[in-house]
Amino acid sequence: MTGHDAGSARRVRARHVVGTLVLVATAQVLVVEQVVASAWEVVPYSRAHHYVSDLGLAECAELTGRTVCSPRHDLMNAAFVVHGLLVAAAAVLLRDLLPRRARPWVLAALLVHATGVVWVGLVPGSLAEPLGGVPRYVVHNVGSVLAVVGGNTAALAAGLALLRRRRAWAVVSLVLGGAGATATVLDVVGVDLGLGVGGGQRATMYPAVVWLVLTGAVLLGALAARHRAVR
């Protein structure tokens, strides 16, 4: 290997390491969720009866049978935006690790997910604030749909693409993506899973976030093992 080739390989490896760390960092949205939820004082925050987006609402209000009052709403919305930016950055940094045929599909799904989560953070839902003549929560829900569909599709597409190369991780990806997709379909058709409205929503979105974090951790371990083998 020439000096130029060795330098190029080091740059690619460094890009991959940064990308995996960025993916692991998407766990910040779960950490911030806990911090913001713990700050509720008017009423306790319930993961079964409150939506995740309730944490980002700026006003205190009574909304469809639940009281919403989130004093750290700005922090939650910032975490949504950061999550989307992290996912988009990781998709670009790690793009060449995907099989060539599946690459456009997985990247597109990840960018849809990233766009949706940023959208959710920039347009918090609220029944009290119209946006261009349309209830703000309707506009907000467009971002939620993009986030859920994009995240679960990315996990499923990556799982299918990796079945021959990394069977164990492919199965994990398919299970997580399938769980999120199934929960989404059941939610759309109105099947009550007995988890409450908040728990049902989390069943649609948490699998994708867990998949992103675990993917980063698995890739980081694989890169470390490869580096040790080369040395």
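General observations
- The stretch 49-85 and the stretch 105-124 have Cα centres separated by 18 Å.
- Dipole magnitude for the chain: about 1740 debye, using +1 per Lys or Arg Cβ and -1 per Asp or Glu Cβ, origin at the Cα centre.
- Over the chain, DSSP H runs of length four or greater, each weighted -39,500 (n - 2.57), average out per residue to a 222 nm ellipticity of -24000 deg cm²/dmol.
- The mean of 1/r over all pairs of different alpha-carbon atoms in the chain, once inverted, gives a Kirkwood hydrodynamic radius of 18.7 Å.
- With θ taken as phi - 60° and the Karplus curve 6.51 cos²θ - 1.76 cosθ + 1.60 applied, the whole-hertz 3J(HN,Hα) list for the stretch 38-51 is 6, 7, 5, 10, 4, 9, x, 7, 10, 6, 7, 10, 10, 6 Hz, x standing for glycine and proline.
- HN-Hα J in Hz across the stretch 175-182 - Karplus 6.51, -1.76, 1.60, θ = phi - 60°, x for Gly and Pro: 5, 5, x, x, 5, x, 5, 4
- Amide H contacts for Leu63 (H built 1.01 Å from N in the peptide plane; partners 5 or more residues away or on another chain; cut-off under 5 Å): Val68.
- From phi via Karplus (6.51, -1.76, 1.60), per-residue ³J(HN,Hα) for the stretch 207-224 in Hz, x at Gly/Pro: x, 5, 5, 4, 4, 4, 5, 5, 4, x, 5, 5, 5, 5, x, 5, 5, 5
- Binned Cα-Cα distance frequencies in the stretch 8-90 - 5 Å width, integer %: 3, 16, 21, 17, 12, 9, 8, 6, 4, 3, 1, 0
- Nearest 10 degrees, 0 to 90: helix 3-25 Cα axis against the chain principal axis: 20
- Candidates Val210, Val191, Val139: whichever shows maximal mean-square fluctuation once the chain is modelled as a Gaussian network with Cα springs under 10 Å: Val191
- Order of Thr153, Thr115, Thr215 under a 10 Å beta carbon neighbour criterion, fewest first: Thr115, Thr153, Thr215
- Sites Leu186 and Val139 - FRET efficiency at Förster radius 25 Å, r taken between beta-carbons, to 0.05: 0.50
FYI, it's all coordinate maths here, none of it is from the lab. What you see is a predicted model, and the numbers here were worked out from it, not measured in a lab. Reconstructed Cβ throughout: ideal geometry from the backbone, glycine too, with neighbour counts over all protein chains shown.
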